[in-house]
Ligand code: 13P
Ligand code: SF4
């Protein structure tokens, strides 16, 4: 079957099964083109919460599909490749978080959405990079606050709000590869271009950028900014959406090394197999899902 036949078969099967296809902004171009909706973690969580379909085929990484499953107890959520995980989400587990909470009794416990369902179940509220500042600003400045697992997003928000958080030393291995030197080289190669980086980047990279934005906010910023040229400091999959939405503007990757191998595991062939076989189902145990839903619902209500 060639690419066009595969795409046509995916569309026909999705229609027949009542499946909506959601894709993260980091997915390969051909996957974004097959999706009904492409967005950042917050946009996808909102979409999953309001979806009017029998089934969701989630093209992204496991914590995103889990979030969709938690928000849709009555619906089937499928992942084309169940091995697509997020190494940062796996840098803390529920037992380690419980131990940290025991060291800080009474502290507010906040997790980045890039976390497992078990970790979310231990938290008061969850945030995405797109709403973290807005959500965290609602809590009193003097309330002790634990933030897991991303120390970079945590320190970024703490800096914006002038607060101190108890941080877990987690990080994204992909964004950790971006250096301030690479930003300087990209600026020298493209003078005048606006530098946008993701808050998962290390502090010196964030300081070297013009804008620190979640992926959805990068798309909105590129659309509305008068600038015509951008250096993009996040996973390179987003370049497809940026270029498609802004045909008159130019986008350069800050560094070609910004590729998340897990985000690249989805292929049209695997999507087709998922729809043909109704696998792989993403299931979260009921009790874990019930507790994790409280943290996700608190976030959706606050953002
Ligand atoms: P966004 O929420 O900005 O899409 O980021 C998700 C992610 O995994 C970043 O590495
Ligand atoms: Fe996780 Fe980083 Fe990949 Fe995002 S880019 S899914 S944080 S490993």
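Every number here is computed from the coordinates shown, using simple stated rules; none is lab data. Remember, predicted model here, so these are calculated numbers, not experimental data.
Let me make sure I get this right: for region 189-234, a, b and c are the square roots of the gyration tensor eigenvalues over alpha carbons, sorted descending. Under 1.5 in a/c it's rounded, otherwise prolate if a/b > b/c, else oblate. Which is it? Because a/c hits 1.5 or more and a/b fails to exceed b/c, region 189-234 counts as oblate. Debye calculation, C-alpha points only, no solvent: report log10 I(q)/I(0) for region 94-234 at q = 0.12, 0.17 Å⁻¹, in the same order as the q values. Listed by q, the Debye log ratios stand at -0.52, -0.92. Classified by the C-alpha gyration tensor, region 1-160 has a prolate form. Its axis ratio a/c, with a ≥ b ≥ c, is 1.5 or above, and a/b is larger than b/c. Largest GNM mean-square fluctuation across 99, 137, 254, computed for the chain with C-alpha springs under 10 Å, falls on 99.
A straight chain from residue 54 to residue 17 at 0.36 nm per residue would run longer than the Cα-Cα distance by 12.6 nm.
What separates the Cα centres of region 1-36 and region 77-139 is a distance of 30 Å.
Normalised size of the chain, defined as Cα radius of gyration per 2.2 N^0.38 Å with N residues, equals 0.99. Helix content alone sets the calculated 222 nm mean residue ellipticity of the chain: runs of n ≥ 4 DSSP H residues at -39500 (n - 2.57) each, divided across all residues, give -12500 deg cm²/dmol.
Shape verdict for region 152-303, please, from the Cα gyration tensor: rounded (a/c under 1.5), prolate (a/b greater than b/c) or oblate. The shape class here is oblate. In the chain, Cα pairs under 8 Å separated by at least six residues give a relative contact order of 24 percent. Stretching the chain fully between residue 82 and residue 124 yields a gain of 12.4 nm (0.36 nm per residue, less the alpha carbon separation).
Comparing mean-square fluctuations of 249, 264, 291 from a GNM of the chain with C-alpha springs under 10 Å, the top value falls on 249.
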